[in-house]
Amino acid sequence: MDELEARTLAELQGIIAVLQELTGLPSRWSGRVELVPGADFKGKKRFTCDIQIDAALAERDARWPTLIHEALHSLSVGYVGTDYRAFRGWEEGVVEQLQRLLRPLVLVKLDVVTAAGAFRDSERPYGVFIEALETLRRHLEAPVGGDGATEFYVDLLKHPIRERPGVVLAAGYQLPVARRVLFMQAFSAANAVLTRNVMP
Amino acid sequence: MKSQLDDLRDRLSDQVLDATTLPEIHAAQQALRAWIKEHPEDEGMRDGFEQLSLMQDIAEQEEAEGARSESLTAGRAA
C-alpha cells in the first residue's frame, strides 16, 4: 500500500468513526479502499462494500466531500443494487444532503483545515434529488436549520432504501386534512423525481 | 432566466440520472465525458459518474445472471 492509499484509508476510518457517533448507525464498509488511476467517478461505494476513490482526487482538498459521501453510503440501511436502482434518489439525495449538512462538523472533529472555497456543492445532478427531498421536508415541517434537517435525513438513512418513500408518506398522513392534500400532491411529484419515473 | 448552456446541462443531468440499461449507461457516460472535457471547471457534474458506474455494475450482474440462467435452461433441454 502506498503513502496516499494509507492516508486515504486512515481518513476514511476517521470519517466513519465520527459518522457512526453522530448518526448512531453502524458502518458496513469492508475496510478496503482502492485508489483508481484515471477514474471517471470521484468516488464509489460498491455493493460489495469496498470503496473506490479517484487517485487524482485523493490528493486534493476537494476529496473530503467525496470521502464523507461514500462513508455515508456505508451507513445506509438496505444498500443493495436492486433497491438502489428502483429508489436511487432516495439514496443519493439523502446521502448527498447529509454530506452537506454534516461535513462542517465532521471536519472540525477530525481537525481538518481546508482552504476557503475548497468545496462547491453542485446543483446538478444530485441537486434535483435534494430539491425533491427538501420540498417534502418543508411540507412535513421538519424543523428548519442544521439539527432538524439532519434528524430528518438521518432518520431516512436508518430505514432500508425501499422503505423510505413509505416512511415519508406515513408522516404525511399525520398532517391535518388540508395540509395532507397539499402534501400528497407534492409527494407524487417528488417521488417521481426520486425514482426517476418522470414524464419526458 | 436559464441560458442555453444551463438547458444542456439539465438535459445531460436527466440523461445521466435516467440511464438504467447498458446502452443507455454507455451513452450517458460518453456524453458526460464530452461535457467534462468541454467544461473542466464543472466538478459537480462528475458526481454523475458515480451513479452511472453503480448502475453499470447492476446491469452487468443482471446480464451475467440472465446468461447463466439461459445456459442452465439450454442444458436441461439438451
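The values are calculated or read from the model by the stated rules, or taken from the named source; none is laboratory data. Keep in mind the model is a prediction, meaning the values are calculated, not measured. Because the Cβ atoms are built from the backbone with ideal geometry, glycine has one as well, and the counts that use them run over all protein chains shown.
Computed values, structure above
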read-out	value
Exclusive hit being crowded, with 23+ Cβ neighbours inside 10 Å and either out of contact with any strand residue (DSSP E or B) (no Cβ under 8 Å at 6 or more places or on another chain) or within 29 Å of A:Gly166 (Cβ to Cβ) (or both), set A:Gln20, A:Gln97	A:Gln97
Residues located in the stretch B:1-38, provided they are outside any helix (DSSP H, G or I), at pLDDT below 95 and not polar (S, T, N, Q)	B:Met1, B:Lys2
Sole exception among (1) more than 11 Å from chain A (Cβ to nearest Cβ); (2) under 12 Å from the mean Cα position of the chain (by Cα); (3) over 21 Å from A:Tyr84 (Cβ atoms) for B:Arg33, by number	(1)
2 or more residues touching a Gly at 6+ places or on another chain (Cβ under 9 Å) and over 30 Å from B:Trp35 (Cβ atoms): qualifying helices (runs of 4 or more DSSP H) within the stretch A:106-193	A:127-139, A:146-158
Residue within the stretch A:64-80 that is under 26 Å from B:Ala31 (Cβ atoms) and modelled with pLDDT under 95 present	no
Contacts under 8 angstrom Cβ, first residue in the stretch B:59-78 being within 14 Å of B:Leu22 (Cα to Cα), partner among the hydroxyl-bearing types (Ser, Thr, Tyr), 6 or more apart	B:Ala59/B:Thr20; B:Ala59/B:Thr21
Every residue from the stretch A:124-157 that is more than 22 Å from A:Pro104 (Cβ to Cβ) and either at pLDDT 95 or above or within 14 Å of chain B (Cβ to nearest Cβ) (or both)	A:Arg124, A:Pro125, A:Val128, A:Ala132, A:Thr135, A:Leu136
Filter pass, A:Ser74 being closer than 22 Å to A:Asp155 by Cα, among the polar types (S, T, N, Q) and away from chain B (no Cβ under 14 Å)	no
